[in-house]
Amino acid sequence: MSAVIHNQLGEEVNTKASFSILEIGFALILFLTVTQTYRLVAVIAGIDQISVVTGLITIVCSVYIAIFGRISTRVSLPSLYTVLAVLCLPATTLLYAPSVSFRDLLLQLHYFLLFLGALIFFQRNGQRFQLIFVIALLVSVAGVFASIFWPALFLKMAAAASARYDYLGRGSGFFLQPNLMAYNLTLIMLMLYLWTDRERVKLFLYMTLIYAVAVFLTGSRGGMVAAGTFILGVYFFGKKFKGGRSLILGILIFLSVIIAASLLISLSGGLNLDVNYYVERIGSMFSESIEQDGSVEHRIAFQSEFLKRIMERPVFGYGLGAVSRMLDNNQLIGAAHNQFLDVAVEYGVLGWVFMLIGAGIMVRVLANPSIRLGRLCAFGIVLTLFVMMLGTNMVFSMQNFYMFLGMIFGCYGFIPRPQNLNS
């Protein structure tokens with residue numbers, strides 16, 4: 001049986017054979033990846049190395065691309081840019097890097113294939129798997145609560161990933177790190193928003209409330225800033241929320257977070273959830289002595305060392321994997337927690353040029369009138385990514401980031417589509 005639906009561009013898409021085993025299987029792979037619950041699967045299956053699971057995901061993506069991929073003689077600027085930025089630039093830098101990092105090169109290949117697989121999946125399926133991000137958000141948030149109240153549940157997962165499992169009350173979820181959890185929640189919400197139409201505005205509002213509470217419970221100050229940027233952008237400037245209620249909705253979200261957090265205390269029933277700890281972390285961002293905070297003070301010191309290395313080779317940087325090598329060789333004393341500094345060390349100013357081009361392409365496409373986001377909202381989405389990159393050096397190593405790119409490319413026609421999407 002077939003039916004007719006419309007994709008994000010308003011084009012009709014035939015849904016015949018929409019629930020093939022291969023499509024459902026790849027949707028499951030994307031779900032396990034976007035939530036990082038493949039860590040749980042690995043523990044249950046007795047796999048003690050996450051790299052093995054990463055390799056399996058890469059193989060599945062390759063098979064999916066081989067079966068459903070289409071080769072086109074037409075080369076678009078966005079698709080060419082992505083190949084250059086994600087794969088060619090990192091690989092080329094190995095020509096002048098002090099040593100070849102095959103691990104980092106394989107990771108870039110993994111990210112590229114994940115991006116390409118997600119692109120083809122979303123291009124073929126349009127709105128048919130629209131609830132995948134709603135469920136992904138709920139599962140991720142459940143992981144946040146579990147990591148706060150029962151952190152020992154994550155012991156085996158953390159051991160397999162060489163990570164911590166207890167952050168003294170901060171929610172780290174299946175991502176096993178509070179800041180990483182907060183930023184990935186934001187990426188999930190970005191993808192959910194792009195799939196939200198006017199009929200699902202209420203559902204998105206509920207998801208925003210849940211998302212905001214979860215980010216609050218990670219205790220990630222950078223994550224809270226990114227979440228605030230995202231919420232302000234989509235509710236105040238998004239065309240999907242036109243009307244006077246947008247401002248009211250935005251204000252209600254922020255108030256609801258505080259109320260919900262207070263309610264959690266009364267419902268915790270002796271689980272020792274200290275909400276004041278999270279409130280104090282928010283308050284510290286507005287303190288005049290924020291630069292004297294231990295975490296901030298250390299980051300400033302780490303970043304000053306990054307700036308020294310950047311000035312030594314400002315144009316092309318040190319090549320793929322340079323940051324890891326320098327940390328191992330004590331040429332850097334700690335992680336920068338800033339994606340821009342990480343990129344500058346590895347790729348120099350050239351890396352910043354690629355980032356600027358990517359931002360321009362994303363704004364241009366998201367501001368397309370047919371997508372009904374609006375230019376201000378498009379800038380808000382890119383600004384959210386900018387804020388995330390200011391607070392962490394992990395954005396370009398987040399699998400969700402490449403799934404986000406794949407969704408944009410697939411849903412909004414970056415790559416020419418075949419006439420019959422299900423052939």
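None of the figures in this text is laboratory data; all of them are computed from the coordinates on show. Being a predicted model, the structure only gives us computed values, none of them experimental. Here the Cβ is made from the backbone with ideal geometry for all residues, glycine too, and neighbour counts use every protein chain on show.
Between S20 and V41, the simple spin-label model (points 7 angstrom out along Cα→Cβ) gives 2.0 nm. Each other residue within a Cβ distance under 15 Å of L89 adds +1 if Lys or Arg and -1 if Asp or Glu, for a net charge of -3. Placing R0 at 30 angstrom, the Cβ-Cβ distance between L232 and V315 gives a FRET efficiency of 0.25 after rounding to 0.05. Decide, for the stretch 107-177, between rounded, prolate and oblate: order the square roots of the alpha carbon gyration tensor eigenvalues as a ≥ b ≥ c, take rounded if a/c falls under 1.5, and otherwise choose prolate if a/b is larger than b/c, else oblate. Note, shape of the stretch 107-177 comes out oblate. As a proxy for reagent exposure, ranking D166, D104, D48 by other Cβ atoms within 10 Å from fewest up yields D48, D166, D104. Which of rounded, prolate or oblate describes the stretch 317-380 when judged by the alpha-carbon gyration tensor and an a/c cut-off of 1.5? Prolate, since a/c reaches 1.5 and a/b exceeds b/c.
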